[in-house]
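Working notes for the structure below.
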Amino acid sequence: MGVDVVSEVVIDRAPRDVADYAADPANAPEWYANIDRVEWLTRPPVRVGSRVAFSARFLGRRLEYTYEVVEFDPGERLVMRTAEGPFPMETVYTWEAAGANATRMTLRNRGEPSGFARAARPLMTVAMRSANRKDLAALKARLER
């Protein structure tokens with residue numbers, strides 16, 4: 001059994017505003033607490049086939065990984081995957097209207113850990129859920145300012 005964590009938040013901004021900001025990997029260090037650095041490996045902006053390298057910290061470990069955008073429907077859905085490292089993962093963002101000028105953003109991370117990550121799967125799931133909630137709260141605070 002793999003890891004599958006789904007978190008969501010309602011942000012008091014129009015869906016397109018939230019999606020435009022959240023889907024731009026260059027903004028990730030501003031709202032993801034564990035992401036230190038982002039480097040485009042292909043030319044921006046985001047599109048299917050885009051590749052972006054991330055440097056992050058998680059559970060006391062340094063992670064270096066490259067996401068490839070495998071699906072992108074601007075303003076509605078973004079799917080990125082990595083096959084690198086001890087935790088090949090897929091990240092999915094979705095955005096939908098949640099009333100007048102509000103957006104429900106869903107963040108889903110799923111994957112099949114191996115090696116060290118497999119042994120730490122229960123801890124990893126709890127830590128990922130907590131980190132995702134904090135990151136979405138930071139995104140909400142930033143976009144509602």
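Annotations for the structure displayed:
- All positions within region 1-15 that are in a helix (DSSP H, G or I) and loosely packed, with under 14 Cβ neighbours inside 10 Å: none
- Any chance residue 99 is modelled with pLDDT under 95, loosely packed, with under 14 Cβ neighbours inside 10 Å, under 18 Å from residue 134 (Cβ atoms) and not hydroxyl-bearing (Ser, Thr, Tyr): no
- Criterion: touching a strand residue (DSSP E or B) at 6+ places or on another chain (Cβ under 6 Å), under 27 Å from residue 125 (Cβ atoms) and part of a loop (DSSP other than H, G, I, E, B) - qualifying residue of 87, 54: 87
- Test: residue in region 41-51 that is among the β-branched types (Val, Ile, Thr), modelled with pLDDT under 95 and surrounded by 19 or more Cβ atoms within 10 Å (Cβ to Cβ): no
- Residues being at pLDDT 85 or above and assigned to a helix (DSSP H, G or I) - total across region 102-137: 13
- Test result for residue 140, touching a residue at least 24 places away in the same chain (Cβ under 8 Å), crowded, with 17+ Cβ neighbours inside 10 Å, part of a helix (DSSP H, G or I) and among the charged types (D, E, K, R): yes
The values are calculated or read from the model by the stated rules, or taken from the named source; none is laboratory data. Please read all numbers here as calculations on a predicted model, not as lab measurements. Using ideal geometry, Cβ is built from the backbone for each residue, glycine included, and neighbour counts are taken over all protein chains shown.
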